[in-house]
Structure formats: structure tokens, C-alpha cells
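Visitor: One structure, as C-alpha cells, below. Some questions next.
The values are calculated or read from the model by the stated rules, or taken from the named source; none is laboratory data. The structure presented is a predicted model; accordingly, all values stated were derived computationally and were not measured. In this analysis, Cβ positions are derived from the backbone assuming ideal geometry, glycine residues included, and neighbour counts consider all displayed protein chains. Calculation scope for accessible area: heavy atoms of the full protein, side chains included, ligands and nucleic acids excluded. Shrake-Rupley method; radii C 1.70, N 1.55, O 1.52, S 1.80 Å.
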Amino acid sequence: MKITPFLSIAFILVLAGCTNSSPTSPTSSTSSTNSSSGGAITNITINFYTHVGDLGTAGPGTADGQFSAPNDVLISADGAIYAVDAGNYRIQKFSSNGSFVAKWGSYGNISSSLQFMSPTRLTTDEAGSLYVLDSYLARMVRCTTNGVYTASIPNFIVTGGSAQETIQPSGLWVTGTNAYMIDYLGSYKIQRFDNLGNWITNWTGTNMPGGGNFSFPRHIVSNGNFFYVYAGGTTVRRYNGNMSYASDLTLSTAPSSASGTAEEMVFDGSGNFFISSSSPAQISKYNSSGTLLGKWSKAGTNDLKSPRGIALDATGRLYVADNLANRVFIFAPYSSAVTNIETY
């Protein structure tokens, strides 16, 4: 059992002149009547997120279920949970109820193996294979859900200024037989490989087809209709399947305060999306139009320190891999009625 109970509301509602606190602007519904003294009686239902526990046990540590500098978290179609335990150079697998299942990986740079030097991101394809991105080795390693190595993508590190050169990849997305690796440094490239590790083409962030350039990208994600790349400030770029520029999604409030600190983006089933940020350390939620629905910077009484990868399970719970806290926090949708609030 590795979900530690800890219930606390992830925001403070502000009424009647009190100071607002994170997250701001949670979704709500209200109804009002008049009181006998002339004030308005308002009933408010708040819908947002609360910290309900942690995956595994408190770190840093090397024991099963402990983390050291976790970078990402993934939830597969069957509900299994996978976490990139970067400081221990391994992947940890948990059941849907949070029980530790298995671990694999070690420190090193041997090709055709499950050795890592800087495991950063984790994703899956439609067939259920896992892909681990290693930023230092500039490669993705493909394995089964039981930790059996199957391929490296690319199957060599390309340098020297060629089109295939990747300096510091920070994000990846796999769909069909295509793997997309986004390069944080250099020319801010999006590299495309097939699922056997063969390089196909790339797109340069400073010269994207049809416009829509970007710099210091951290992640690439798709909701099935478009690819999305956070371009800094309040701008999220949308691209078609061939990476031609489609449009911008303008956010009402920026999720981060500096270039390169918006870490990951994930969509829910309703078109809303979350963005994790390491500066400031917070989670922001937006609707499909880019309007901020709320944000928070605490997990119970603990401050978020450097949230990186995020993932949603089938029940709507949000998992947050916090690199500096050495923990994977779990937040659940929260709904509470605040009644009989009298204002004038």
C-alpha cells in the first residue's frame, strides 16, 4: 500500500474582503437570496483539486516505492502507474491502487539496454510499449510494461551539426509508428523517427512550416487533433499532423514566469488541460479556450518545489512528479458547498 492518506483543500476561497490565495479562480456555481438584514445570502459550490496522498513513500531513497528526483509519471490504459525515478536511474511500476509492482533500469550508457544517465520523460504507444527519454544520452529507450528492453530510438547519438543532431531532448510523444522527440537546446528541433529507430525528418523551431516558431520548448503533446508546443508567455502553438502551423491558443494567464520552465501539458477528456511549471512551482488548469480555471502551489501543507511530469487517471486524479520534493503527489477533484455566506 503506497498511497499515504492526507486530505487538505488545495486552495483557499476568498470572500468578504479576505486575500485570495492559490489556486485562483476555481470553477464554481452560485445562487443568491436576500437576508432579513438586507445582505445577500450566497450559496457557492467549489470544484477544484485537493491533495489526497502520495505515490510510494517519502523520499529521497532507494527502497522500492521511494523516489530520488522523479521527473515524470505515466498512467497506462489498464490503470498501471509508471514513474521516472531519475535520481535512481530507473523506472518504477505501481498498480492502480498505488502498490509497488516492479522496477528496472540502472546507471550507464550501454546501448541496447535499460541503462540511463538522465531519464526525463515517459510515454506509451497504442500497442502498450513504453518509451523512456534520456536527455543526456539523447535517445529514447523502448521497453515492455514488464521492463524488457526492445529498442533504442535513435539507435545512435548523432552530433556534428547534421539534421539528425539532438543536443538535449526534453519531451517526446509517440503515436502510431511515429516517435517525436523535441530538443530543448540547439535549434529547438522536433525530430521524427519511426518506431524502429530510423530517423525520418525534423522541423526547426526557428523555421516551422507556415510560421508558428518557438524556442526553449519543454514538451510536445497531442490531443488527437493537433500537436501542442508551449511557446512561452501566454502562447501555445498548435500544429497539424505534418507539423505545419495551425493556430495559437492564447492563455488568459501565463503558467510560468521564465522561458523553459513550463514543464508538461496534459489534457482531460473534456478538452481542459493542465500545465506544470517549475518557476513558479505550480499547477495551472485551463479550459479548451485557454481561460485559467485555477492554479495551486501546495500539496497539503507542503509547497510544491519543482513539479515536472503530470498525468491523469481514469477517475480524474492528477499525479504530479515533483523533482525537488522527491515525491509523486496525488490530487483528486474536489467539490464542496459553501453556504449561507452573507455579503453587503
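Visitor: What residue, among those in segment 72-83 that are under 18 Å from Arg218 (Cβ atoms) and not β-branched (Val, Ile, Thr), is surrounded by the fewest Cβ atoms within 10 Å (Cβ to Cβ)?
Guide: Ranking the qualifying residues of segment 72-83, first place goes to Leu74.
Visitor: Taking the criterion of being modelled with pLDDT of 95 or more and within 22 Å of Gln282 (Cβ to Cβ), would at least one residue in segment 43-52 satisfy it?
Guide: Checking segment 43-52: not a single residue is modelled with pLDDT of 95 or more and within 22 Å of Gln282 (Cβ to Cβ).
Visitor: Looking at (1) open to solvent by 50 Å² or more (accessible area, probe 1.4 Å); (2) in contact (Cβ under 8 Å) with a residue 60 or more places away in the chain, find the lone condition where Val101 falls short.
Guide: Here Val101 meets the rest and fails (2).
Visitor: Return the residues of segment 313-332 that are open to solvent by less than 40 Å² (accessible area, probe 1.4 Å) and either closer than 23 Å to Tyr228 by Cα or hydroxyl-bearing (Ser, Thr, Tyr) (or both); say none if nothing qualifies. If you could, list the steps in order and put the result at the bottom.
Guide: Step one: of segment 313-332, the residues open to solvent by less than 40 Å² (accessible area, probe 1.4 Å) are 313, 316, 318-323, 325-326, 328-332.
Answer for segment 313-332, where residues must be open to solvent by less than 40 Å² (accessible area, probe 1.4 Å) and either closer than 23 Å to Tyr228 by Cα or hydroxyl-bearing (Ser, Thr, Tyr) (or both): Asp313, Gly316, Leu318, Tyr319, Val320, Ala321, Asp322.
Visitor: Hey, can you tell me all the residues within segment 179-203 that are modelled with pLDDT under 85, surrounded by fewer than 17 Cβ atoms within 10 Å (Cβ to Cβ) and of a type outside the set (Gly, Ala, Ser)?
Guide: Leu185, Asp194, Leu196, Asn198
Visitor: Related question: Could you tell me whether segment 243-262 includes any residue that is of a type in the set (Phe, Trp, Tyr) and in contact with a Lys or Arg (Cβ under 6 Å, 6 or more places away or on another chain)?
Guide: No, segment 243-262 has no match at all.
Visitor: Among the candidates Ala102, Ala58, which residue alone is among the aliphatic types (A, V, I, L, M) and modelled with pLDDT under 95?
Guide: Ala58
Visitor: Let me ask something else. So, restricting to strands (runs of 3 or more DSSP E) that lie completely within segment 79-145, which ones have at least 3 residues that are closer than 27 Å to Arg317 by Cβ and of a type outside the set (Lys, Arg)?
Guide: 81-85, 90-94, 100-104, 119-124, 130-134
Visitor: Looking at Ala102, Ala69, Ala86 in this structure, which one is touching a strand residue (DSSP E or B) at 6+ places or on another chain (Cβ under 6 Å) and closer than 26 Å to Val221 by Cβ?
Guide: Ala86
Visitor: Looking for whichever is basic (Lys, Arg), more than 16 Å from Asp194 (Cα to Cα) and at pLDDT 85 or above here; the options are Arg121, Arg142. Which one fits?
Guide: Every option except Arg121 fails the conditions.
Visitor: Moving to a separate point now. Pairs please, first residue from segment 186-207 and touching a residue at least 60 places away in the same chain (Cβ under 8 Å) and closer than 15 Å to Val141 by Cα, second anywhere and in a loop (DSSP other than H, G, I, E, B) and open to solvent by less than 70 Å² (accessible area, probe 1.4 Å), Cβ atoms under 9 Å, 6+ apart in sequence or on different chains.
Guide: Asn195/Asp125; Asn195/Ser129; Asn195/Gly176
Visitor: Also, quick follow-up: Which of the residues belonging to segment 229-263 are open to solvent by 20 Å² or more (accessible area, probe 1.4 Å) and in a strand (DSSP E or B)?
Guide: Tyr230, Thr235, Arg237, Arg238, Tyr245, Ala246, Ser247, Asp248, Thr250 - these are the residues of segment 229-263 that are open to solvent by 20 Å² or more (accessible area, probe 1.4 Å) and in a strand (DSSP E or B).
Visitor: I need the full set of residues from segment 178-222 which are assigned to a loop (DSSP other than H, G, I, E, B) and either in contact with a helix residue (DSSP H, G or I) (Cβ under 6 Å, 6 or more places away or on another chain) or polar (S, T, N, Q) (or both), in order please.
Guide: Ser187, Asn195, Asn198, Thr206, Asn207, Asn213, Ser215
Visitor: Right, something else. Could you go through segment 218-228 and let me know if any residue there is out of contact with any strand residue (DSSP E or B) (no Cβ under 6 Å at 6 or more places or on another chain), at pLDDT below 85 and open to solvent by less than 20 Å² (accessible area, probe 1.4 Å).
Guide: No, that holds for no residue.
Visitor: Please count how many residues of segment 270-303 are surrounded by 24 or more Cβ atoms within 10 Å (Cβ to Cβ) and either aliphatic (A, V, I, L, M) or in contact with a Cys (Cβ under 8 Å, 6 or more places away or on another chain) (or both).
Guide: Result for segment 270-303: 3.
Visitor: Using beta carbons and a limit of 8 Å, which pairs, at least six apart or on different chains, have the first residue in segment 140-154 and touching a residue at least 60 places away in the same chain (Cβ under 8 Å) and the second one open to solvent by 20 Å² or more (accessible area, probe 1.4 Å)?
Guide: Thr145/Ser76; Thr145/Lys93; Thr145/Gly128; Thr145/Ser129
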